[in-house]
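Colleague: The structure's right below; bear with me while I get my questions together.
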Amino acid sequence: MQKQPISLWVTTAEEDEVSSAPLSGDRIDVAIVGGGYTGLSTALHCAERGLSAQVIEAECIGYGGSGRNVGFVNAAAWLPPDKVHKTLGPEYGPRFIKQFSAAPARVFELIEKHRIQCEATRTGTVHAANSRTGFRELRDRHAQWCRLGEPVELIDHDHVHQLTGSREFHGGLFDHRAGTINPMAYCRGLARAANEAGARISIGVRATKLKRIRNSWRIETNQGNLRAGSVVLGTNAYTDHLWPGLNSAFSAIHYLQIATKPLGATAAHILPGRQGLWDTGRIMFNIRRDAKGRILVGTMGRVVGSTKLGLTHRWALRRIQRIFPDLGPIEFEQAWHGRIAMTQDHLPTIGYNGRGITTGTLFGQSLADLLTGMDPKKLPLPLTNLSSVPCSRLKSCSYDLVFTANQIINAIR
Ligand SMILES: Cc1cc2nc3c(=O)[nH]c(=O)nc-3n(C[C@H](O)[C@H](O)[C@H](O)COP(=O)(O)OP(=O)(O)OC[C@H]3O[C@@H](n4cnc5c(N)ncnc54)[C@H](O)[C@@H]3O)c2cc1C
């Protein structure tokens, strides 16, 4: 039986996957484990700075979150800027906010520079209020962004309706820094750019052991060994047992997407400007439109059932009917989910909390800076030691249960 692609983006990406190169026989400057945004941005920026770089990807380019996500190129972190400032303090706080506010621009700059064909839109994203309380929270966030002079607009119910075609929301925060992409196409484009800059990319190669030998690392893989001066792990929530303790340093949650077939003129009023939208619900909901007029909706949790039958199908139908009551019958084309690494303070330290397009791109660049002599004190975040999240597995299982219950409740409402 033919294997189902990991997401819709695999088939709709205009960029092809790069061809795999054999593992380097020479000692290289940097070995990078993981072929997602973090690994590939590290490889691209290292190669551009003249380092020899080798990416090792166990499955395929974009196999992890990078080929499965929603494609929102968001600025900053989940936390409001005042909270970031308070958590990180006066040295790192303002720097982090500044760098991450400019992060979408950096992503779009790379897309332009390397001519990455990834359905990029720069029309902003909307954080929409699903309640009056949600709107009050957004008003507070808006005031904080205004004090920083950032282009974020508080919009009312009618404006959200005009942007989305839905009367469901109480208002929203319209972030003009942000945009959307086809996430797999961006990932493949980064791989192509890294390759063109001289980085080597080996696909289907799993790193199984890391060993420090004098001033080098030996990386054992299922295809032979590699020697490198430095090793970067960009394995996200798809990390295995390669580095002791890494997979218990975050809690993993699942996030799902389900895409309709292209809807044509009947859905022309839905997100005509193709802004991405997510809501203020504690169990988040998102919606976007792709270049071919498919509507994608998603929430926290796993896909249960198929695109024709089962819990997720029913959840999505009910959700879409509630938001767009005038939309006629719809059919779904593909459903998938992926894993997100959540950190305790919601800052992108060991996991990116569902904001990896900008974060992975930026961190890759920072790692290349670090490896070419930048003072670690200039990094966007302070360097920390690995620490375990208490009961991370148990937490992940309980999140799964809660998210499935949420799908059930919304499917029968
Ligand atoms: C459904 C979903 C929706 C999301 N929506 C958004 C969004 O809209 N916007 C946003 O910014 N972020 C979003 N995210 C988060 C974003 O996708 C991730 O933060 C980002 O992709 C992380 O990139 P990465 O390169 O660090 O890791 P990944 O892309 O997860 O890559 C890790 C890679 O490491 C490989 N690997 C693991 N172990 C080994 C090994 N031992 N040897 C070799 N290879 C190995 C894996 O195969 C994998 O390909 C979403 C995530 C999900 C799952």
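The values are calculated or read from the model by the stated rules, or taken from the named source; none is laboratory data. This structure is a prediction, so every number in the text was calculated from the model and none was measured. Glycine gets a Cβ as well: all are built from the backbone with ideal geometry, and neighbour counts include every protein chain shown.
Colleague: Quick one: is Arg274 assigned by TED's automatic domain parsing to the domain that holds Thr312 and within 11 Å of the ligand (Cβ to nearest atom)?
Modeller: no
Colleague: Determine whether Glu57 is under 18 Å from the mean Cα position of the chain (by Cα), in the same structural domain as Asn225 (by TED's automatic domain parsing) and charged (D, E, K, R). Break it down stepwise before answering.
Modeller: On the way: under 18 Å from the mean Cα position of the chain (by Cα): yes; in the same structural domain as Asn225 (by TED's automatic domain parsing): yes; charged (D, E, K, R): yes.
Answer is yes for this residue.
Colleague: Of the residues that make up segment 375-395, is at least one more than 10 Å from the ligand (Cβ to nearest atom), under 21 Å from Gly93 (Cβ atoms) and among the basic types (Lys, Arg)?
Modeller: Yes: one or more hits.
Colleague: Starting from residues that are over 26 Å from the mean Cα position of the chain (by Cα) and under 18 Å from Gly276 (Cβ atoms), keep the ones in segment 152-167 and report whichever is surrounded by the fewest Cβ atoms within 10 Å (Cβ to Cβ).
Modeller: Our first condition is that a residue be over 26 Å from the mean Cα position of the chain (by Cα); within segment 152-167, this holds for 156-159, 161-162, 167.
Those still in the list that are under 18 Å from Gly276 (Cβ atoms) too: 159, 161-162.
On the way: His159: 16, His161: 15, Gln162: 13.
Going through the qualifying residues, I end up with Gln162.
Colleague: Separate question: Any idea which residue in segment 55-103 is farthest from the ligand (Cβ to nearest atom), counting only those that are surrounded by 23 or more Cβ atoms within 10 Å (Cβ to Cβ) and of a type in the set (S, T, N, Q)?
Modeller: Filtering segment 55-103 for residues that are surrounded by 23 or more Cβ atoms within 10 Å (Cβ to Cβ) and of a type in the set (S, T, N, Q), the one farthest from the ligand (Cβ to nearest atom) comes out as Asn74.
Colleague: Test Ala265 against the stated conditions and say whether it is over 18 Å from the mean Cα position of the chain (by Cα) and at pLDDT below 95.
Modeller: yes
Colleague: Which one is surrounded by the most Cβ atoms within 10 Å (Cβ to Cβ), of the residues in segment 225-254 that are assigned to a loop (DSSP other than H, G, I, E, B) and among the hydrophobic types (A, V, I, L, M, F, W, C)? Walk me through how you get there before you give the answer.
Modeller: Taking segment 225-254 as the starting set, the residues that turn out to be assigned to a loop (DSSP other than H, G, I, E, B) are 234-235, 239-245, 249-250.
From what is left, the residues that are among the hydrophobic types (A, V, I, L, M, F, W, C) are 242-243, 249-250.
Values: Leu242: 20, Trp243: 17, Ala249: 20, Phe250: 26.
The selected residue is Phe250.
Colleague: Six or more apart or on different chains, Cβ atoms under 6 Å: show the pairs whose first residue is in segment 330-344 and charged (D, E, K, R) and whose second is more than 8 Å from the ligand (Cβ to nearest atom).
Modeller: Pairs that qualify, where the first residue is charged (D, E, K, R) and the partner is more than 8 Å from the ligand (Cβ to nearest atom), are Glu331/Lys261; Glu333/Ala259; Glu333/Lys261; Arg339/Ala252.
Colleague: Mind checking which residues of segment 1-54 are under 19 Å from Asn215 (Cβ atoms) and either crowded, with 22+ Cβ neighbours inside 10 Å or assigned by TED's automatic domain parsing to the domain that holds Lys261 (or both)?
Modeller: Within segment 1-54, Ile28, Val30, Ala31, Ile32, Cys46, Ala53, Gln54 meet the criteria.
Colleague: Only residues that are in contact with a strand residue (DSSP E or B) (Cβ under 6 Å, 6 or more places away or on another chain) and not in a strand (DSSP E or B): list them for segment 271-304, please.
Modeller: We begin by selecting, within segment 271-304, every residue in contact with a strand residue (DSSP E or B) (Cβ under 6 Å, 6 or more places away or on another chain); these are 271, 274-279, 283-289, 294-303.
Correct list: Leu271, Arg274, Gln275, Ile283, Met284, Arg294, Gly301, Arg302, Val303.
Colleague: OK, next. Could you say which residue among Gly172, Gly198, Gly149 is outside the structural domain of Ile116 (by TED's automatic domain parsing) and either outside any helix (DSSP H, G or I) or within 15 Å of the ligand (Cβ to nearest atom) (or both)?
Modeller: On the way: Gly172 fails: outside the structural domain of Ile116 (by TED's automatic domain parsing); Gly149 fails: outside the structural domain of Ile116 (by TED's automatic domain parsing).
Matching residue, one of Gly172, Gly198, Gly149: Gly198.
Colleague: Which of the residues that make up segment 211-224 are farther than 27 Å from Pro348 by Cα and crowded, with 18+ Cβ neighbours inside 10 Å?
Modeller: Thr221
Colleague: On the basis of being crowded, with 19+ Cβ neighbours inside 10 Å, touching a Cys at 6+ places or on another chain (Cβ under 8 Å) and modelled with pLDDT of 95 or more, does Ile116 make the cut? Full working, then the answer.
Modeller: On the way: crowded, with 19+ Cβ neighbours inside 10 Å: yes; touching a Cys at 6+ places or on another chain (Cβ under 8 Å): no; modelled with pLDDT of 95 or more: yes.
Criteria not met by Ile116.
Colleague: Consider Thr372 against the criteria (1) out of contact with any Lys or Arg (no Cβ under 9 Å at 6 or more places or on another chain); (2) modelled with pLDDT of 95 or more; (3) more than 9 Å from the ligand (Cβ to nearest atom); (4) of a type outside the set (Phe, Trp, Tyr): it satisfies all of them except one. Which criterion is unmet?
Modeller: (1)
Colleague: Tally time: how many residues in segment 23-46 are touching a Ser or Thr at 6+ places or on another chain (Cβ under 7 Å) and either within 11 Å of the ligand (Cβ to nearest atom) or not hydrophobic (A, V, I, L, M, F, W, C) (or both)?
Modeller: Taking segment 23-46 and keeping what is touching a Ser or Thr at 6+ places or on another chain (Cβ under 7 Å), we get 23, 27-30, 32-34, 36-37, 41.
From the residues that got through so far, the ones that are either within 11 Å of the ligand (Cβ to nearest atom) or not hydrophobic (A, V, I, L, M, F, W, C) (or both) too are 27, 29, 32-34, 36-37, 41.
Total satisfying the criteria: 8.
Colleague: Please specify each residue of segment 256-269 satisfying the condition of being buried (at least 21 other Cβ atoms within 10 Å of the Cβ) and either assigned to a loop (DSSP other than H, G, I, E, B) or within 15 Å of the ligand (Cβ to nearest atom) (or both).
Modeller: Correct list: Leu256, Gln257, Ile258, Ala259.
Colleague: If you don't mind, there's one more thing I want to ask. Would you mind telling me which numbered condition in (1) touching a helix residue (DSSP H, G or I) at 6+ places or on another chain (Cβ under 7 Å); (2) at pLDDT below 95 Leu277 fails?
Modeller: The failed condition is (2).
Colleague: May I ask you to say which residue of Val10, Val55, Val30 is at pLDDT 95 or above and either of a type in the set (Lys, Arg) or in a helix (DSSP H, G or I) (or both)? Break it down into steps so the answer makes sense when it comes.
Modeller: Numbers: Val55 fails: either of a type in the set (Lys, Arg) or in a helix (DSSP H, G or I) (or both); Val30 fails: either of a type in the set (Lys, Arg) or in a helix (DSSP H, G or I) (or both).
Of Val10, Val55, Val30, the one residue that is at pLDDT 95 or above and either of a type in the set (Lys, Arg) or in a helix (DSSP H, G or I) (or both) is Val10.
Colleague: If you don't mind, there's one more thing I want to ask. So, in segment 308-351, how many residues would count as being part of a loop (DSSP other than H, G, I, E, B), under 23 Å from the mean Cα position of the chain (by Cα) and of a type outside the set (A, V, I, L, M, F, W, C)? Let's see the steps before the verdict.
Modeller: Step one: of segment 308-351, the residues part of a loop (DSSP other than H, G, I, E, B) are 308-310, 324-331, 343-351.
Retained after the next criterion (residues that are under 23 Å from the mean Cα position of the chain (by Cα)): 343-351.
Restricting the remaining residues to those that are of a type outside the set (A, V, I, L, M, F, W, C) gives 343-346, 348-349, 351.
Selection size over segment 308-351: 7.
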